[in-house]
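Here the structure is laid out as C-alpha cells; the discussion comes afterwards.
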Amino acid sequence: ALEIPRKNAAWLAPVNLANASDPNETVAQKSGFDLTIVRVGIKAVAFRRSSTFTPSQVRLICKPKQAIDDPLGGKGITIYPEGFMKNDKLFYISRLGEKITVARKDMKGNTRWYDFGFYIPKGYLPVLVEFKRNALARIKPEISPSQVFEDLENAESGDNNNTEL
C-alpha cells in the first residue's frame, strides 16, 4: 500500500519554508530537531474502504545515525508528521486527528504522493514509514533540497525509478 522512491525519499526542509496558513510566516524551527520532508506514495488499494486518513495514521521510525547500517535491527523512535507540503514553497501544518480526503483526481496513476514533514531529533535519520499499521516501507538516506522538486516533476511524469515495498 506504500511506495517510496528508491532515491530522494527524504531531505531537510528549507529554513525559510512558508506556512500555508499564513504565507508571510515561516514554519517554526525547533531547537534540537531538523524538519525533514519524507516523500510517501500511498497506493489506491489503501483507500478501498475509506478515502480518508489522518496524520496520526502515518508514522516515521528513526534511528541514530551511527545505527543506520542496520535499519531493521535494534530500537528506533516513532515520530508523527507535523504536516505536509502543499507545493514547493508552502508547508501545511496539520493536526494529528485532522481528516485528509484523497480524491481520485489527486492520484498520479495508482498512487497519491505526499511530502510529509517530520521534526526529527538531530543525530537521527528516518529508516521506515508506516501507514495505518498495516503497511511498512524502508526509506533511503537523505538528499539535498536542490534535488527534490526536479525529481518530483519526474515522479509525476512517471519517470521516477520508484520501488514498491
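The values are calculated or read from the model by the stated rules, or taken from the named source; none is laboratory data. Small disclaimer: the values here were computed from a predicted structure and weren't measured. Backbone-built Cβ (ideal geometry, glycine too); neighbour counts: all protein chains shown.
For region 106-165, list the strands (runs of 3 or more DSSP E) that sit wholly inside it and hold at least 1 residues that are among the charged types (D, E, K, R), over 17 Å from Y80 (Cβ atoms) and modelled with pLDDT under 85; which are they?
So the answer is 162-164.
In region 27-51, what residues are β-branched (V, I, T) and closer than 17 Å to D115 by Cα?
V27, T36, I37, V38, V40, I42 - these are the residues of region 27-51 that are β-branched (V, I, T) and closer than 17 Å to D115 by Cα.
Tell me which of these T78 doesn't satisfy, since it passes every other one: (1) more than 19 Å from L17 (Cβ to Cβ); (2) touching a residue at least 60 places away in the same chain (Cβ under 8 Å); (3) of a type outside the set (A, V, I, L, M); (4) in a strand (DSSP E or B).
Result: T78 fails condition (2) only.
If you scan region 54-75, which residues turn out to be within 23 Å of L17 (Cβ to Cβ) and either out of contact with any Gly (no Cβ under 7 Å at 6 or more places or on another chain) or surrounded by 19 or more Cβ atoms within 10 Å (Cβ to Cβ) (or both)?
Those that are within 23 Å of L17 (Cβ to Cβ) and either out of contact with any Gly (no Cβ under 7 Å at 6 or more places or on another chain) or surrounded by 19 or more Cβ atoms within 10 Å (Cβ to Cβ) (or both): P55, V58, R59, L60, C62.
Any residue in region 125-137 that's touching a residue at least 60 places away in the same chain (Cβ under 8 Å): show its pairings with residues that are surrounded by 18 or more Cβ atoms within 10 Å (Cβ to Cβ) and basic (K, R) at Cβ separation under 6 Å, as long as the two are six or more apart or on different chains.
Cβ pairs passing all conditions: V127/K63; E130/R59.
Among the numbered criteria (1) over 19 Å from A13 (Cα atoms); (2) touching a Leu at 6+ places or on another chain (Cβ under 9 Å), which one does Y80 miss?
Y80 satisfies all of (1) over 19 Å from A13 (Cα atoms); (2) touching a Leu at 6+ places or on another chain (Cβ under 9 Å) except (1).
Restricting attention to region 1-21, and to residues there that are of a type outside the set (V, I, T) and not in a loop (DSSP other than H, G, I, E, B), which single residue is surrounded by the most Cβ atoms within 10 Å (Cβ to Cβ)?
Per the criteria, the residue is A10.
Scan region 53-68 for residues that are outside any loop (DSSP other than H, G, I, E, B) and modelled with pLDDT of 90 or more and jot them down. Please lay out each step first, then the result.
First pass over region 53-68, keeping only residues outside any loop (DSSP other than H, G, I, E, B): 53, 55-67.
If the condition is that a residue be outside any loop (DSSP other than H, G, I, E, B) and modelled with pLDDT of 90 or more, then F53, P55, S56, Q57, V58, R59, L60, I61, C62, K63, P64 are the ones that fit.
Among what's in region 22-42 and is charged (D, E, K, R) and free of Cβ contacts under 8 Å to residues at least 60 places away in the same chain, pick the residue that is surrounded by the fewest Cβ atoms within 10 Å (Cβ to Cβ). Give the derivation first.
In the first step, residues of region 22-42 are kept if they are charged (D, E, K, R); the result is 22, 25, 30, 34, 39.
Next, only the ones that are free of Cβ contacts under 8 Å to residues at least 60 places away in the same chain stay: 22, 25.
Numbers: D22: 8, E25: 10.
Going through the qualifying residues, I end up with D22.
Output the residues belonging to region 95-125 that are touching a Phe, Trp or Tyr at 6+ places or on another chain (Cβ under 7 Å) and either closer than 23 Å to P23 by Cα or crowded, with 19+ Cβ neighbours inside 10 Å (or both).
Passing the criteria: L96, I100, Y114, D115, F116, G117, Y119, I120.
N24 passes all but one of (1) assigned to a strand (DSSP E or B); (2) polar (S, T, N, Q); (3) under 15 Å from G117 (Cα atoms); which number fails?
Evaluating N24 over (1) assigned to a strand (DSSP E or B); (2) polar (S, T, N, Q); (3) under 15 Å from G117 (Cα atoms) leaves (3) as the failure.
Looking at region 43-52, can you tell me whether even one residue there is assigned to a strand (DSSP E or B) and either in contact with a Phe, Trp or Tyr (Cβ under 7 Å, 6 or more places away or on another chain) or surrounded by fewer than 20 Cβ atoms within 10 Å (Cβ to Cβ) (or both)?
The first filter runs over region 43-52 and keeps only residues assigned to a strand (DSSP E or B), leaving 43, 52.
Pick out the ones that are also either in contact with a Phe, Trp or Tyr (Cβ under 7 Å, 6 or more places away or on another chain) or surrounded by fewer than 20 Cβ atoms within 10 Å (Cβ to Cβ) (or both) and you get 43, 52.
Yes, there is a match, as at least one residue in region 43-52 is assigned to a strand (DSSP E or B) and either in contact with a Phe, Trp or Tyr (Cβ under 7 Å, 6 or more places away or on another chain) or surrounded by fewer than 20 Cβ atoms within 10 Å (Cβ to Cβ) (or both).
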